[in-house]
Structures are given as structure tokens and as C-alpha cells.
Amino acid sequence: MNPRVRFAPSPTGQLHLGGARTALSNFLFAKNQGGQFLVRIEDTDLERSKQEHTDQICDSLSWLGLNWDDELVYQSSRTDVYQESLALLLDSGKAYRCFASKKELEKVREETGSYQYTGIWRNRSNSEIEKELGKGTAFTIRLRTPDTDNTRFKDIIYGEISVSNSEIDDFIVARSNGSPVYNFTNVVDDHGMGITHVIRGDDHISNTPKQLLIYQALGWDIPEFAHLPMILGQDKKRLSKRHGATGVQTYRDEGYQPDALLNYLALLGWNPGTEEEILTLEDLVKKFDLSQVQKKGAVFDQKKLNWISGQHLSMQDNRDILSQARAINSEWGMTKPDDFCLAVAELIKPRSKSLVDLMGQSGYFFHDPSGFDERDVRKTWKHDTPEIIESVISILDSISGEKAAELETSFKDYMEANNLGFAKVMKPVRLALCGNVNGPSLFEIMSLLGKETTLSRLRMALNNF
RNA sequence: GGCCCGUUCGUCUAGUGGUUAGGACUCCAGGUUUUCAUCCUGGCAACAGGAGUUCGAUUCUCCUACGGGCUACCA
């Protein structure tokens with residue numbers, strides 16, 4: 001049987017890293033097993049659910065390359081199905097109406113000092129129920145849960161988990177306004193969608209026994225479960241807005257790309273069993289194994305993400321880099337031909353952590369430097385520098401070619417002949433050309449910039465300093 | 001409070017009843033480089049604590065501590 005899994009976000013915000021990791025695990029498992037990956041929008045909380053969030057989540061998933069099979073399933077469109085199942089439970093006596101008001105329940109809680117429902121309406125006579133129904137009293141529907149034995153399941157990641165049924169009270173499956181609650185819709189939909197493996201965050205471990213009881217009450221087959229550990233912030237608490245950037249969208253805007261982000265996320269709590277760390281989505285699909293996932297939460301480490309991102313970027317095709325960079329900033333490099341931009345990408349990518357980083361480092365290729373740092377100027381522009389720059393200008397003037405290797409030869413000849421150190425010459429040249437004192441090979445830069453621009457910037461520096 | 005779960009370098013992790021407890025990121029040092037980054041080499045750094053089982057436990061069991069999650073007419 002081919003597995004069917006689902007990612008079930010609630011559209012109350014953009015897709016965050018934790019959600020992305022859950023989606024990724026589902027995707028990897030499905031594709032690894034030749035199964036299907038579905039997406040269900042859990043929008044039963046009308047207050048907080050917004051279509052724009054759904055759109056944003058789907059955008060993020062698509063951008064990541066986590067494409068889902070079949071149509072999106074919206075819980076809000078399945079109210080009939082829930083009502084049917086609810087009726088089934090009521091008819092079979094597996095669930096019952098509870099007419100206790102919130103106030104009443106609060107009082108009981110205070111008296112017993114426990115949150116557990118005491119079963120006030122568990123065993124009422126038909127006439128009592130009819131009477132309340134006749135009065136039009138609002139009621140919730142509660143599952144009639146067993147008092148004895150344990151409810152247990154074997155989690156693919158955590159192994160055997162068991163909870164005493166005495167710990168589980170007759171919990172609500174439908175609110176007094178008739179709407180079903182999460183634990184219920186979740187089960188009904190997973191069953192209805194033919195989900196074989198429920199892969200979700202471990203914050204749902206405690207919900208699972210309740211859901212198991214619902215499956216049993218409805219007489220349905222129980223899927224397998226795999227609970228993924230949480231992604232944590234530096235403080236070891238579950239990653240949240242408090243920790244800063246947590247949205248996939250933000251990472252996209254900052255120039256991180258899908259393969260890098262996915263690679264890092266996959267490595268949070270899992271490893272391929274080898275010492276390889278740089279993996280494409282395709283690699284991940286091939287190697288992913290749920291049962292090897294770590295049980296403990298993993299702290300999100302921006303530094304390692306940066307490293308992984310840099311590794312991916314270094315290996316990335318320049319054309320791809322150019323188009324991805326323009327997806328972030330459509331203006332980038334538009335003043336120059338594409339070939340020029342590709343050469344820039346080639347030069348800058350090994351020293352970049354993200355596309356934004358790459359674009360930020362490449363400014364001087366596209367426009368003359370401005371706003372020279374006072375300290376850099378003081379440190380590199382000495383009293384005899386103008387003389388050197390004059391010589392450099394005349395050398396460049398006399399050379400016909402613009403190849404980096406030729407330039408290098410000419411410079412070296414000049415420096416040797418005049419007994420000048422490399423730094424003595426190159427540092428001010430770099431300052432004049434780039435506006436700062438570090439970057440890739442100057443010969444490559446001069447070659448790319450071309451003689452005209454190079455000379456004009458050198459002359460400009462001569463006038464300015 | 002109750003219940004469930006977890007605990008190997010700062011972080012992500014590998015690993016075994018007997019290992020010099022391995023790798024990666026970060027950090028530090030050296031090398032390469034005109035510079036910075038990359039890259040290469042080297043270094044710092046961990047089995048939460050206590051019992052028990054055992055000839056021997058980081059590894060198995062229990063307890064404690066710490067951390068996390070759930071405990072809603074949220075999802």
C-alpha cells in the first residue's frame with residue numbers, strides 16, 4: 001500500500017520554520033515511499049483563519065518545492081461530513097450531549113480542583129435529555145471514554161507511548177454552537193482522506209490518545225503516527241516570533257534558497273547516516289528515514305544555516321543565481337548585460353551566504369563607489385600613492401588586452417621593476433575601484449570592469465584624495 | 001498540580017556493554033591570498049547527577065534534577 005500523508009496547517013499566520021520542517025518530513029517520507037503528500041487547511045477557527053494566510057502558506061510550500069498532490073482540502077468545506085460522524089457517535093451512544101454550562105463546569109472545577117470533566121451528563125435518562133432539548137438548552141457533545149485500561153500506540157519516532165484511560169476525561173468533540181473541535185475534525189479528515197501515516201509536531205503527542213479513542217468509537221482503522229521534535233530557539237523554548245525571524249517568507253526575502261533551507265531543516269533532528277551534510281532535495285528524498293529522527297528538540301542555529309546556504313550557493317549555476325537574485329530584486333544588474341552579471345556571480349558566490357549577501361557585495365561592479373570610509377582611506381592612501389596610481393594608469397593605458405592574467409603579468413612586471421610590494425600598489429587600487437579594501441581578485445575585477453571604467457575610477461580617486 | 005516525552009562538546013549530531021567517545025557548525029591558531037571571504041591544516045570543547053545490574057557501564061534498569069509538551073466549547 002502506498003502511504004498517504006498530509007501537512008495540516010491552520011491558516012493563522014505565514015508558514016514558519018517549524019511548519020516547513022513538518023511539511024518537509026511529510027514530503028520526504030511520502031516521496032521516499034512512493035506515496036502521496038497532501039495538504040489540508042485547518043480553518044475551523046473562523047476568528048483567526050484567513051484566506052490570505054492560506055495563500056501565503058501555499059506560496060511558501062510551492063517556493064520550497066514541496067508540491068502537494070490532489071486538491072487542497074479545506075476543513076471549512078467539510079462541515080457536513082463532521083455532522084454525519086457526530087450523529088453516528090450520538091446514535092451509537094459512543095458520545096452524548098452535555099448540557100452543563102461553562103459556569104457550572106467552572107464551579108465543579110473549583111470544587112474538585114481538577115480540570116477533568118466529572119461526567120455530569122454521562123448517564124442521564126432520556127427524559128432528562130428530552131426535557132433540556134425541549135427547553136432549547138445549548139449542549140456540547142462529549143465522547144464517552146473508557147475508565148479502565150490504557151490507550152497505547154507505537155510512535156515511529158518515540159516508540160511505545162501509553163496513557164491510562166483514567167487520565168482521559170469525556171472530552172468535548174463538538175462545541176455548543178455545533179462546530180466540531182480539532183481532535184475530532186482531525187480524525188474525521190485523516191480517515192476521509194485515507195491518511196496512512198500521521199506525521200506532525202510532538203506537541204500533538206498528548207492529543208493522540210484522545211484521537212485514538214475517536215477512531216475506535218467510529219470503528220475506523222488507525223493510521224501510524226510519527227511525532228517530530230520541536231525546533232527550539234537559543235533559549236531552548238519552542239521557536240516562536242520572540243526568537244526573531246521564523247517565517248519562511250523572511251528567509252526567502254533574505255536570499256536563502258529552497259535547497260539550502262530544506263537541507264538545514266532536514267538536518268535538524270535527522271542525519272543521513274553518513275557524514276554528508278550538503279544535500280539537495282533529491283538526495284533528501286532518497287535518504288530520508290523517519291525512524292532515524294531524533295527525539296529531542298533541536299536548537300535553530302543561524303550560523304550553520306549560513307554555512308549550508310553558502311555551500312549551496314557556491315555550487316549553484318550562475319544563470320540560476322541570476323534569475324533567483326532577480327526574483328528578489330528585479331533591478332539587480334539590469335544596467336549591464338547578462339554575461340557580465342553571470343561573471344559577477346561567479347566571482348562573488350564563493351564568498352556569499354545568501355543571494356542578498358551576494359547582491360550586497362557586488363555593488364561596485366554596477367556603479368562607481370561612493371562614501372569612502374575615512375579610516376580605509378587613511379590607511380591605504382599614503383603620500384606616495386598618487387605617484388603609484390599615475391603609473392598604474394599609464395600601464396593600463398598601454399595594455400591592449402583586458403584579460404585578468406595579462407593584467408596580472410603587467411602589474412607584476414611593474415612592481416618588480418620598481419621594487420614595490422603588492423599591497424603598496426593593490427590596496428589603493430582596490431580602494432579606488434571598489435570603495436572598500438577587500439573582495440575578490442583585483443585582476444578579475446579590473447578585467448570585468450573594463451579599461452574605461454577602471455581608468456575613470458582611478459582618476460576619480462586621484463582627484464578626491 | 002496531573003499526565004506524556006526528552007537529556008553525548010556552546011549548537012546540530014555519530015557511536016558502542018570494554019573506543020584516544022567520531023564528524024559538522026561556531027570560536028581560536030597557522031597556511032594560502034594584494035586584502036577580506038573561500039579553501040587547507042591544527043586546536044579548544046561533551047556522555048546531567050545518584051543508585052543498581054555487570055568482571056566492566058556513556059551504552060541496560062530505577063530514582064533525582066533539569067528541559068519541553070499537553071492539560072480549553074484553540075489548532
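The values are calculated or read from the model by the stated rules, or taken from the named source; none is laboratory data. Keep in mind that what you see is a predicted model, and the values were worked out from it rather than measured. So basically every Cβ, Gly included, is an ideal-geometry build from the backbone, and we count neighbours across all protein chains shown. The area values use the complete protein model at the heavy-atom level, side chains included, leaving out ligands, DNA and RNA. Shrake-Rupley method; radii C 1.70, N 1.55, O 1.52, S 1.80 Å.
Of all DSSP beta bridges in chain A, what percent run antiparallel (nearest 5)? Before the final figure, lay out the partial values.
On the way: 15 of 29 bridges.
Within chain A, antiparallel bridges account for around 50 percent of the total.
Rank-order A:109-119, A:331-341 by packing density, defined as the average count of other C-beta atoms within 10 Å over each peptide's residues, highest first. Walk me through the numbers on the way to the answer.
Working: A:109-119: 12.3, A:331-341: 14.0.
In descending order of packing, they fall as A:331-341, A:109-119.
What percent of all Cα-Cα pairs in the stretch A:1-138 falls into each 10 Å bin, going from 0 up to the bin containing the maximum distance?
Computed distribution, short to long bins: 10, 26, 23, 21, 16, 3.
So how tilted is helix A:404-418 from the main axis of chain A? Cα-based, degrees 0 to 90, rounded to 10.
Roughly 50 degrees, rounded to the nearest 10.
So how much slack lies between A:R375 and A:N123, counting 0.36 nm per residue of separation and subtracting their Cα-Cα distance, in nm? Working shown, then result.
Details: separation 252, 0.36 × 252 = 90.72 nm, distance 8.37 nm.
Result: 82.3 nm gained on full extension.
Quick one: helix A:338-348 against the long Cα principal axis of chain A, what's the angle to the nearest 10°, folded into 0 to 90?
Tilt relative to chain A: about 80 degrees.
Between A:E387 and A:N463, with labels modelled 7 Å along Cα→Cβ, what's the label distance in nm to one decimal, could you check?
Inter-label distance under the simple model: 2.5 nm.
DSSP loop GluC sites (Glu not before Pro) in the stretch A:120-195 with at most 11 other Cβ atoms within 10 Å of their Cβ, which ones?
Working: sites: A:E128, A:E130, A:E132, A:E160, A:E167; in loops: none.
Within the stretch A:120-195, no GluC sites (Glu not before Pro) qualify (loop, at most 11 other Cβ atoms within 10 Å).
Give the calculated FRET efficiency between A:T79 and A:W307 to the nearest 0.05, with a Förster radius of 45 Å applied to their Cβ-Cβ distance. Each step should come with its number before you reach the end.
Numbers: r = 48 Å, r/R0 = 1.07.
Efficiency at R0 = 45 Å is approximately 0.40.
What is the distance in Å between the Cα centres of the stretch A:439-465 and the stretch A:108-174?
Centre-to-centre distance over Cα atoms comes out at 77 Å.
So which of A:K336/A:K412; A:K304/A:K379; A:K154/A:K287 end up more than 25 Å apart by C-alpha?
Working: A:K336/A:K412 30 Å; A:K304/A:K379 34 Å; A:K154/A:K287 23 Å.
Going by Cα-Cα distance, A:K336/A:K412; A:K304/A:K379 fall outside the 25 Å limit.
Students often forget the sequence filter, so: which lysines lie under 24 Å Cα-Cα from A:K50 once same-chain residues fewer than 8 apart are removed?
Those lysines meeting the cut-off are A:K241.
Within 10 Å, count the other beta carbons around each residue, average over each peptide in A:355-364, A:199-208, and list them highest first. Spell out each step's value before the answer.
On the way: A:355-364: 19.8, A:199-208: 17.9.
Those peptides, ordered most packed to least, come out A:355-364, A:199-208.
May I ask you to rank A:S456, A:S370, A:S85 by accessible area, largest first, using a 1.4 Å probe over the protein chains only?
Values: A:S456 55, A:S370 95, A:S85 10 Å².
If we order A:S456, A:S370, A:S85 from most to least accessible, we get A:S370, A:S456, A:S85.
Return one whole number: the accessible area per residue of chain A in Å², for a 1.4 Å probe.
On the way: 23040 Å² over 465 residues.
Heavy-atom accessible area per residue stands at 50 Å².
Please compute the net charge surrounding A:K427, taking Lys and Arg as +1 and Asp and Glu as -1 over other residues with Cβ under 11 Å from its Cβ.
On the way: positive: A:K379, A:K382, A:K424, A:R430; negative: A:D376.
Summing Lys/Arg as +1 and Asp/Glu as -1 gives +3.
Using protein chains only and a probe of 1.4 angstrom, how many square angstrom of A:E106 are accessible, to the nearest 10?
110 Å²
Rounded to a whole number, what % of the accessible area of chain A do carbon and sulfur atoms account for, probe 1.4 Å? If you can, show how the numbers build up before the last one.
Values: 10650 of 23040 Å².
C and S fraction of accessible area: 46 percent.
Ratio to report: Rg/Rh of the stretch A:355-465, with Cα atoms as the point set and Rh obtained by the Kirkwood method; give two decimals.
Values: Rg = 13.3 Å, Rh = 14.2 Å.
My calculation puts Rg/Rh at 0.94.
Using the basic label-point model (7 angstrom from Cα toward the beta carbon), what is the A:K241 to A:D221 distance in nanometres?
4.2 nm
What percent do you get for the relative contact order of the stretch A:1-149 when only Cα pairs under 8 Å and 6+ apart count?
Working: 159 pairs, mean separation 31.3, N = 149.
Relative contact order comes out at 21 percent.
Be a star and scan the stretch A:53-90 for residues whose amide nitrogen sits under 14 Å from the point 7 Å along the Cα-to-Cβ vector of A:R175.
Output list for this probe position: A:76.
Rounded, prolate or oblate: which fits the stretch A:297-381 when a ≥ b ≥ c are the square roots of the eigenvalues of the alpha-carbon gyration tensor, with rounded for a/c under 1.5 and prolate only if a/b beats b/c?
oblate
Round to the nearest 10 and report in Å² the accessible area of A:H53, as given by a 1.4 Å probe over the protein chains' heavy atoms.
30 Å²
Given contacts defined as C-alpha pairs under 8 Å and at least six residues apart, what's the relative contact order of chain A, whole-number percent?
Details: 637 pairs, mean separation 58.8, N = 465.
Relative contact order for chain A comes out at 13 percent.
Grab the Cα-Cα distance for A:T335 and A:I278, subtract it from 0.36 nm times how many residues apart they are, and report the gain in nm with one decimal. Before the final figure, lay out the partial values.
Details: separation 57, 0.36 × 57 = 20.52 nm, distance 3.43 nm.
The A:T335-A:I278 span can extend by a further 17.1 nm.
Given an 8 Å cut-off on Cα distances and at least 6 residues of separation, report the relative contact order of the stretch A:79-228 as a percent. Before the final figure, lay out the partial values.
On the way: 192 pairs, mean separation 37.0, N = 150.
Relative contact order, the stretch A:79-228: 25 percent.
Would you calculate, for chain A, the mean residue ellipticity at 222 nm contributed by helices, counting each DSSP H stretch of 4 or more residues as -39,500 (n - 2.57) and dividing by all residues, to the nearest 500?
Numbers: 21 runs with 228 residues, N = 465.
Computed mean residue ellipticity for chain A: -15000 deg cm²/dmol.
Of the peptides A:414-425, A:225-236, A:292-303, how do they stack up when ordered by the mean number of other Cβ atoms within 10 Å, highest first?
Details: A:414-425: 12.7, A:225-236: 18.8, A:292-303: 14.7.
Final packing ranking: A:225-236, A:292-303, A:414-425.
Please give the net charge around A:N329, taking every other residue with its beta carbon less than 13 angstrom from that of A:N329, where Lys and Arg add +1 and Asp and Glu add -1.
Working: positive: A:R252, A:R326; negative: A:D253, A:E254, A:E331, A:D357.
For residues surrounding A:N329, the net value is -2.
Under a cut-off of 13 Å between alpha-carbon atoms, report the aspartates and glutamates in cross-link reach of A:K296, not counting same-chain residues fewer than 8 places apart.
Result set, ordered by chain and number: A:D202, A:D203.
Could you work out the mean projected area of the convex hull around the alpha carbons of the stretch A:234-296, in square nanometres to one decimal? It would help to have the intermediate numbers written out before the result.
Details: hull surface 20.6 nm².
If you wrap the Cα atoms of the stretch A:234-296 in a convex hull and average its projections, you get 5.1 nm².
Cross-link candidates for A:K103: which lysines have Cα within less than 22 Å, leaving aside residues fewer than 8 places away along the same chain?
A:K131, A:K135
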